[in-house]
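Undergrad: Got a structure for you, questions after.
The values are calculated or read from the model by the stated rules, or taken from the named source; none is laboratory data. Because the structure is a prediction, the values reported are computed rather than measured. Because the Cβ atoms are built from the backbone with ideal geometry, glycine has one as well, and the counts that use them run over all protein chains shown. These area figures cover heavy atoms from the full protein model, side chains too; ligands, DNA and RNA do not enter into them. Shrake-Rupley method; radii C 1.70, N 1.55, O 1.52, S 1.80 Å.
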Amino acid sequence: MKKILFTLALLLSLTVQAQDKTTMEQNMQEVQNYLKECGVFYIATVDQDQPRVRPFGVSEIIDGRLYIMTGKVKDVFKQMAKNGKFEICALKKSGSEWLRLSGTLVNDDTLAVKEEFLKRNPGLKSMYKADDGNMAVLYIKDATARFCSFAGEKKVSF
């Protein structure tokens, strides 16, 4: 009887984990679609005790992670490397719907990820090369996204 209960508990746990993973992937895709639809999004970082905000325009899901990219020589990368906490705000063209996305950015120096990012965004190839020592791709960890409008808010995580 104990073996049966243990087996059932294990199966239930694996089912919940699979559902959680599927939900997280769907949430990530929903955020990615929103960012793409908005085109430009604004990312806030911290520079000592001063917030800094600047526009970004590219994000990609690669190998199950949502990435953004910048240059290592830029102040924004230095701020992200020192403190990975960030917030993104993206506003739809209607002006009445927006996304707030927060979490932690993690630098990923994997050459294959950089190459894939450039393949999907060929316009960046004039400024960056996957192996140039400057290109930085960062994935979002422990994300919380809030889809907002004047009518309410929906919160998801990935």
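Undergrad: In the structure displayed, which of K92/K129; K36/K141; K21/K93; K74/K154; K21/K129; K119/K155 lie more than 29 Å apart, Cα to Cα?
TA: Details: K92/K129 31 Å; K36/K141 19 Å; K21/K93 31 Å; K74/K154 33 Å; K21/K129 32 Å; K119/K155 31 Å.
As for pairs spanning more than 29 Å Cα to Cα, those are K92/K129; K21/K93; K74/K154; K21/K129; K119/K155.
Undergrad: Among (1) 56; (2) 45; (3) 53, which is the computed percent of Cα pairs over 23 Å apart?
TA: Checked against the structure: label (2).
Undergrad: How large is ³J(HN,Hα) for each residue in segment 138-145, as worked out from phi by the Karplus curve 6.51 cos²θ - 1.76 cosθ + 1.60 (θ = phi - 60°), to whole Hz, x for Gly and Pro?
TA: With coefficients 6.51, -1.76 and 1.60, one gets 10, 9, 9, 10, 6, 7, 10, 10 Hz.
Undergrad: Return the carbon/sulfur percentage of the accessible area of segment 54-112, one whole number, probe 1.4 Å, all protein chains in place.
TA: Values: 1540 of 2900 Å².
Summing carbon and sulfur atoms, their accessible area is 53 percent of the total for segment 54-112.
Undergrad: Please identify every one of the trypsin sites (Lys or Arg not before Pro) in segment 73-123 that sits in a loop by DSSP and has no more than 10 other beta carbons within 10 Å of its own beta carbon. It would help to have the intermediate numbers written out before the result.
TA: Values: sites: K74, K78, K82, K85, K92, K93, R100, K114, K119, R120; in loops: K74, K92, K93.
Of the trypsin sites (Lys or Arg not before Pro), the ones in loops of segment 73-123 whose Cβ has at most 10 other Cβ atoms within 10 Å are K93.
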